[in-house]
Amino acid sequence: MSDKMHQPRSLIDRWIKDNNSLVEKWKQQERSGGSLSRDQNQSFLRGYSTDFHKLLKKVQGIPPHADHAQLELTVVNNACVFLAVQCQFSEAELLLRRAMERVLQLKDDPVSDPLVFWKTVLKSVGNSSLNSFVQHLLCLQWVIWLATCQMKFIQEFQDEWSALLEVVSNGVGDHRSDRTENSSDTPLLVTDPRRLLELLQICTVIARGAEKLNEGQSSEALPDLQSASSLPAPRSLVASTHLLSGACLAHMSCPQMALQCYRKALETDSRCVCALYRSMLIYRQLGNTQAEIQALRLLHSTLMLPTESVVAGTDLVSPTLLLCSQSLNSLLLVPSALSVLHTLAQKCVFHGRVSEGVEYYLDLLASLHSEDQHGVHSEAPSLPRLPELYLEAGAALLMARRPTDCMAVCDEVISTTLELLPEKLVLDNPEKSETSTGDAGIERDDRMATLLWVGAAYLLLGHCHTYLKDWKQAVTHYTRCINLLVKVRFKKRDFQPQILIADMAGKQATDLCVLQRMKGLSLAGRGICFSHTDQIKDALRDLQLSLHTIPDCVSAGLWCGEVMWRLGRRREAAACWEKTWSFNTQPSVESLSLYLQEPQTGPLLDSLELQHRIKELGPVVSS
């Protein structure tokens, strides 16, 4: 009888030694550091998972008994951890359940509710020596539910989590509380239960907060997030609680308080790029353009920093594994470094920092041609297509009074797209030009885009030559633009595209509105050139056509009045100037692409001189 008892005991001691040897080997590997590739890391995890499963088969090869139940649950714990970190959650959950049924001799009921099952398990162990082992396995069930976004189970198990926190935090019933970690007869865990529980606690608050925020329950989420900021946790997670608190306050229309939370997030973790991004959005909402530009600059610099490798000594169960809900990912979404650089370039150009904006545009184009694309790590709104970026950069160069550089950029666009131009383009249903589907629709949209890009390049070239006072070349390029745009035909003969300024905002501008605006600007530019070469009648015709196409074109209105004045139609000229100055429907500076703006570098008329002329003329009959 004694021999029979001795043999299992010796086996148990050997298995404890095998378990502890694997745990120590893993911990030594963590401490040794060194950068591992993703494939190498996955290979190591698979290896340890296999080793613990082999050991578990040996342990479960003898009938369950109180003498080795603690060892079995510890090996189950370690095996489950390696399954979970490889995202094999269903396998881990099945292993947990079968271990509970075997050791506690529970009835196998595959349809049993998970919550009922665990409550039954906890009731069965009561205050027995297995209690702490079961509590540690319960932590792993929490890991699985959180990693698979089963927040309902976590919420309904709230009382059990509270008890678990108390047990593990105080070390009550912990089989290692009065033994050294290296004790040869103590089976070791691959994870520290206390640190794992602290991680689960703050990650659960973050995940639940994101869910509530996504459902519009900001005021309900805020108190928990604020409380969680004082929990013991890695800096990045504490920063996330401040970040989500700021998002709640922003949704509650408290922008200044939101900014304070974002500042706390950055003070806690300087790599919290989402806090920078959301601060920028608040500054934009408040109309603080200079602060917005500064935030964009910092955001771009941070995104361009190399991604830090996983630090040696970090816990096996990572926050990344636990925080994967769609709600949280959408809240943490940040534009790519190149997208931020594009926005930064636009903001600078639109708000008086043209030279700075030009440099950002040139950096952007250089980056797009470079193989080094680090820092681009999100699925934010995509950049405009490359020809469009060239055209924006060209317009910025012209605004910076660098016409030669602008012409070089425009020539690049023309040389790369000219061969793709269609002979003509017929639109069946112009009102739905942007919503076409199918291969034919895609092909037509590409041809339309190509036509608009080349037309915009000719338009900018016309502006450049106008700036250089080369009127003949300017007229040539404006004419090329107009001739290109009239290639677009509509099957509905009576169709006249309506130019609604409200519809011209950003990317919502339809191709037809862009076409009409380019045509109007080309006519205005050509009319101004004609006025400088004394082709007065041609100038008046083009300027009036421009105003018909773009009724609020300031340059066309002022120069049309100037031409009328020269023709002796002074009353009409005065009325035209007055009407132009009264325009109150001008689109906001950022509602149009840079290359669709009225040029500010060409020949200008002095409004004070025009007003002086009107004053000398006497009262103008209202038009």
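Within the range 467-483, the only residue that satisfies the criterion of being among the charged types (D, E, K, R) and crowded, with 19+ Cβ neighbours inside 10 Å is Arg480. Would it be correct to say that Arg263 is crowded, with 17+ Cβ neighbours inside 10 Å and under 25 Å from Leu237 (Cβ atoms)? Considered against the rule, which asks whether it is crowded, with 17+ Cβ neighbours inside 10 Å and under 25 Å from Leu237 (Cβ atoms), Arg263 comes out as no. Scanning the range 82-102 finds no residues that are of a type in the set (A, V, I, L, M), more than 33 Å from the chain's Cα centre (by Cα), farther than 28 Å from Ser43 by Cβ and in a loop (DSSP other than H, G, I, E, B).
Considering the range 412-433, and only residues there that are in a loop (DSSP other than H, G, I, E, B) and surrounded by fewer than 15 Cβ atoms within 10 Å (Cβ to Cβ), the residue that is modelled with the lowest pLDDT turns out to be Asn429.
The values are calculated or read from the model by the stated rules, or taken from the named source; none is laboratory data. Nothing here was measured: the structure is a model prediction, and the numbers come from that model. Positions of Cβ are generated from backbone atoms using ideal geometry, with glycine treated the same way; all protein chains shown enter the neighbour counts.
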